[in-house]
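Taking it in order: structure first as structure tokens, then the write-up.
Read the figures in this text as sums done on the coordinates, not as results from a lab. The structure displayed is predicted, hence computed values, not measured ones. As a convention, Cβ positions derive from the backbone with ideal geometry for all residues, glycine included, and neighbour counts pool all protein chains shown.
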Amino acid sequence: MRLPHRFRLPFALLLASLAAACSTAPTRDASAPLTFVVVRHAEKATDDPENPSLSAIGQARAVALAERLRGAPLVAAYATEFRRTQQTAQPTADVHRLPMKAYYARGPASEIAAQWKQSHRGGTVLVVGHSNTVPDLVAALCGCETAPMDDREYDRLSIVRIGSDGRATLEVGRYGAPSSP
């Protein structure tokens, strides 16, 4: 059956938009696991007791994080609503030409983690939080226990990899111990 001429273009556009929607639907790619890199914000300055910026050492650490993740297939960068987390994530987001997305620091970790897992099916996602939120976020992402974080700890790098079977693994390391400027 042939479509009347006046319906051909609208029908073709409809098919094209459906094909595009299907191709952008999240699917877990077995060759590219979903990876979350979760860090605490870098060292903070003393400029504002409520919402401090990063110190010079913190800025250097943020740049070190961006360098560490330069080759990663970054698909998103998240930071809380606070200046120090945003300034930590921004150099990495800039390297990958991604917008930085804010999330609510006091939100339930299990809900935030579930939302991120639903939104991202492959690639690497950077998450920047706080000493009192990072352990809970990591635990929610990997379904495992994590160590508490001391308020003086700025260099913990938690990597949660979620395979195509949904199983998560956790690797904890350190990153970018910057020297004084």
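Quick notes
- Each peptide in 47-53, 131-137 receives the mean, over its residues, of other Cβ atoms within 10 Å, and ordering these scores from highest gives 131-137, 47-53.
- Hz values of 3J(HN,Hα) by residue in the stretch 124-134 - Karplus curve (6.51, -1.76, 1.60), Gly and Pro given as x: 10, 10, 8, 10, 10, x, 10, 4, 8, 10, 4
- Residues with amide H under 5 Å from that of A45, placed H, sequence gap 5 or more: S53, L54, S55
- Here's how it looks for R156: its modeled amide H is under 5 Å from those of R40, which are all 5 or more places away or on a different chain.
- Among the trypsin sites (Lys or Arg not before Pro) within the stretch 104-140, those in coil by DSSP and having at most 11 neighbouring Cβ atoms inside 10 Å are R106.
- Taking packing as the residue-averaged number of other Cβ atoms within 10 angstrom, the listed peptides 71-84, 153-166 run from highest to lowest as 71-84, 153-166.
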